[in-house]
1. Across segment 135-155, which residue is farthest from G115 (Cα to Cα) among those that are part of a helix (DSSP H, G or I) and of a type in the set (V, I, T)?
2. Looking at segment 53-85, which of its residues are within 12 Å of the ligand (Cβ to nearest atom), farther than 30 Å from V26 by Cα and of a type in the set (S, T, N, Q)?
3. Would you pick out the residues in segment 70-96 that are under 15 Å from the mean Cα position of the chain (by Cα), buried (at least 16 other Cβ atoms within 10 Å of the Cβ) and of a type outside the set (A, V, I, L, M)?
4. K50 fails exactly one of the following numbered conditions: (1) in contact (Cβ under 8 Å) with a residue 12 or more places away in the chain; (2) within 12 Å of the ligand (Cβ to nearest atom); (3) more than 25 Å from I153 (Cβ to Cβ); (4) not small (G, A, S). What is the number of that condition?
5. Considering only residues that are open to solvent by 60 Å² or more (accessible area, probe 1.4 Å), assigned to a helix (DSSP H, G or I) and within 17 Å of F40 (Cα to Cα), which ones fall in segment 7-24?
6. Within segment 100-119, can you find the residues that are under 25 Å from N71 (Cα atoms) and surrounded by fewer than 19 Cβ atoms within 10 Å (Cβ to Cβ)?
7. Consider N27 carefully, then state whether it is open to solvent by 50 Å² or more (accessible area, probe 1.4 Å), out of contact with any Cys (no Cβ under 9 Å at 6 or more places or on another chain) and not hydroxyl-bearing (S, T, Y).
Amino acid sequence: MNAIDELTDCFARLPGIGKKSAGRLVNYILKADSSWVKTFARQLSELQDKIKPCSVCGCWTENDPCPVCSNPLRDNSLICVVEQPQDAAIIENAHEFNGVFHVLGGVIAPLEGIGPDQLRIKSLLGRVQGGSVKEVILATNPTVEGDTTAMYIQKVLSAVSDVKITRLASGLPVGGDLEYIDKLTLARSFRGRSSF
Ligand SMILES: [Zn+2]
C-alpha cells in the first residue's frame with residue numbers, strides 16, 4: 001500500500017468520512033502549503049498528550065480541573081449531566097447555564113455491551129453524596145438510549161439522596177441530538193426543564 005492509500009484509510013476511519021471524501025482530503029493535503037501541513041500533523045500528534053478528561057467532570061481539558069470546575073463563579077450546586085464532552089461545549093456556547101457539568105462518556109446501550117458500569121455514574125453519585133448539590137439536570141439526548149440512561153440515573157440518584165432531578169425536555173426534537181439544536185432552543189429547554 002502506498003502513502004496515499006494509507007492516509008486515505010486513516011481519514012476514512014473518521015466519523016462521517018467515506019472513502020471518497022477521504023481521497024479528496026488526501027489530494028487537498030498533497031497540494032497544500034507544507035508549513036500548514038506540518039502544523040496540522042503536529043497538532044494531531046500532540047492532541048492526546050495535551051488534552052485529558054477533567055478529573056472532576058470528565059470534560060476535555062488542558063489543565064485539570066477544567067476551567068469550568070475551577071471557576072469560583074460557577075454554581076457548584078447545579079450539575080448538568082451530558083453524554084459526551086462535546087455536549088457540554090454546546091451548552092457552554094448557549095450561555096444559559098452557570099452550573100457545572102458531569103460527562104457520562106456515553107449512554108446505556110445493552111446491544112453494544114455498554115452498561116451503567118462503563119459510564120461515569122458512580123462518580124456522579126459521589127459528587128451528589130458530597131452534599132452541596134441541589135439540582136441534577138439530566139441533559140442526555142432525547143433518544144431511546146438517552147431516555148433510558150436518564151431514567152436509570154434518576155432511579156439510582158433518588159435512592160441515595162433527595163436532590164432535585166430535572167430533565168431537559170420542551171423544544172428538543174425527539175430522536176435528535178444536542179449537537180444539532182440551535183442555541184435559542186437549547187436555552188429555552190434549560191429554562192423550561194421539568195422535574196422527574
Ligand atoms: Zn471539569
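The values are calculated or read from the model by the stated rules, or taken from the named source; none is laboratory data. Bear in mind that the values here come from a model prediction, so they are computed numbers and not experimental data. Note: ideal-geometry Cβ built from the backbone for every residue, glycine included; neighbour counts use all protein chains shown. The accessibility values were calculated without ligands, DNA or RNA, using every heavy atom of the protein model including side chains. Shrake-Rupley method; radii C 1.70, N 1.55, O 1.52, S 1.80 Å.
1. So the residue we want is V144.
2. S55, N63, S70, N71, N76
3. C80, E83, Q84, P85, D87
4. Only one criterion is unmet by K50, namely (2).
5. L7, C10, R24
6. G105
7. Taking the combined requirement at face value, the residue satisfies it.
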